[in-house]
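Here, each number is a calculation from the coordinates, and none is a lab measurement. All figures in this text were calculated on a predicted structure; none of them were measured in a lab. No Cβ is skipped: glycine too gets one built from the backbone with ideal geometry, and neighbour counts run over all protein chains shown.
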Amino acid sequence: MKSLALLFSGWVVIVSPAFAGLFTDEELPKKIQQLEAKVLKLEVVSRKLEEANRRLEETDRKLEETDRKLGETNRVLEETDRKLGEAYRKLEEAKKLSDETNKQQARAVLDLQAQIEAQIADTRVLRGHNEELVHDLQEAKQRQKDFYVDLDARLRIFETAAVIEAQAKEEARKLLDETNKQQARAILNLQAQIEAQIADIRVFREHNEELAHDLQEAKQQQKDFYVDLDARLRNVETAAAIEAQTQKDAINAENLAYKRAHSLLAAKNYTKAISAIQEFIKQYPQSVRVLNAHYDLGEAYFQSRDYKKSLVSFQRVAGSSSQNPKVVEAMFRSVDCQIELKDRDAAKGTLKKIVSNYPGTVAAEKARKRLASLK
């Protein structure tokens with residue numbers, strides 16, 4: 001912007017004599033002040049763009065911090081899985097010794113199992129929160145990308161306007177230079193032949209008036225062009241703002257509906273949770289959270305002891321090709337449903353499928369141990 005101000009100052013010095021021939025002494029300062037005001041407006045726009053870039057850099061920093069926290073959360077989940085596997089191993093050993101121990105030791109094993117199940121429930125809640133953080137991070141990245149696109153579009157508009165204005169100034173300067181040259185030649189001819197060229201002077205004056213009229217029309221056309229450009233820009237910005245608000249409202253409504261259903265499940269209000277989750281799936285079938293919603297629906301049915309419907313929901317999640325961690329969890333919950341339904345053969349088949357699909361993982365080791373306990 002400093003270079004633009006220097007360019008403007010130089011241009012004023014060059015064309016001031018030319019404007020002196022076109023405007024009065026009172027009009028010339030006003031025109032210069034108007035041009036200076038435009039330059040100040042461009043400087044204000046530049047400062048706003050710098051502030052926007054600073055905010056974008058701050059947003060990038062926050063996103064990096066969120067990524068770091070997600071990585072720490074994943075490490076905690078992995079450590080929890082390891083501890084759960086060790087706990088299950090100890091539980092199996094305790095069960096083998098249960099026949100040789102007294103009733104007090106049996107109660108201790110049951111208490112240990114209850115603690116493990118409570119820890120599993122806490123792990124599921126933690127993973128749900130982790131998935132919400134991932135989803136919120138994706139939304140933040142999308143909002144940052146949209147902001148960059150909008151900022152680039154606005155910057156291009158201002159750059160285009162500056163180019164158009166510079167071209168108009170250059171054309172006006174050339175026209176003024178040409179007019180001044182013609183006036184200088186006419187004055188010299190008039191001084192030499194003032195008596196004999198009265199008719200030529202009248203023709204020249206008429207021609208000069210036509211030029212002034214053409215210049216006035218050109219200025220009016222330029223003014224009309226700026227008015228039309230400003231109106232189009234306002235229409236585009238208004239439409240973009242309406243569309244962005246509509247998308248934001250839709251995302252907020254989707255998030256609110258999911259959180260409401262999830263909170264009912266967390267509050268153990270399973271009847272209302274089932275209705276809320278079914279309504280969410282029906283209203284937002286393309287949502288990134290629909291797989292989690294089916295898992296929550298299976299959990300609500302399971303806690304309501306409707307094991308058949310719970311099995312249908314968990315198998316739907318387990319049959320997904322998604323990399324969502326809910327897939328393998330849904331397979332284990334399907335085993336729980338099959339055991340409650342007294343279908344041990346189906347439960348064994350599901351556990352074998354986990355071992356086959358996830359070799360060398362904590363899930364596979366956990367499945368092997370449960371297979372051993374079912375034999």
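Annotations
- Using θ = phi - 60° in the Karplus curve 6.51 cos²θ - 1.76 cosθ + 1.60, the 3J(HN,Hα) couplings for region 266-283 round to 5, 7, 6, 8, 5, 4, 5, 4, 4, 4, 5, 5, 4, 5, 4, 5, 5, 7 Hz; x is entered for Gly and Pro.
- With neighbour counts taken as other beta-carbon atoms within 10 Å, the residues Phe314, Phe332, Phe280 rank, fewest first, as Phe332, Phe280, Phe314.
- Evaluated over the Cα positions of region 264-374, the convex hull gives a direction-averaged projected area, one quarter of its surface, of 6.9 nm².
- A simple packing score, the average count of other Cβ atoms within 10 Å per residue, orders the peptides 112-121, 359-368 as 359-368, 112-121, with the highest score first.
- Cα→Cβ-extended label distance, 7 Å offset, between Asp230 and Arg107, nm: 8.5
- Net charge of neighbours whose Cβ lies under 9 Å from the Cβ of Val317, counting Lys and Arg as +1 and Asp and Glu as -1: +2
- Ordering of 51-61, 81-91 by burial proxy (mean other Cβ atoms within 10 Å per residue, highest first): 81-91, 51-61
- Compactness of region 37-87 is given as radius of gyration and Dmax, 22.3, 75 Å, from Cα positions.
- Relative contact order (%) - region 264-374, alpha-carbon pairs under 8 angstrom, separation at least six: 16
- In sequence order, calculated HN-Hα J values of region 330-341 (Karplus, 6.51, -1.76, 1.60; Hz; x Gly/Pro): 5, 5, 5, 5, 4, 4, 4, 5, 5, 5, 5, 8
- Among Thr350, Thr73, the order by Cβ neighbours within 10 angstrom, fewest to most, reads Thr73, Thr350.
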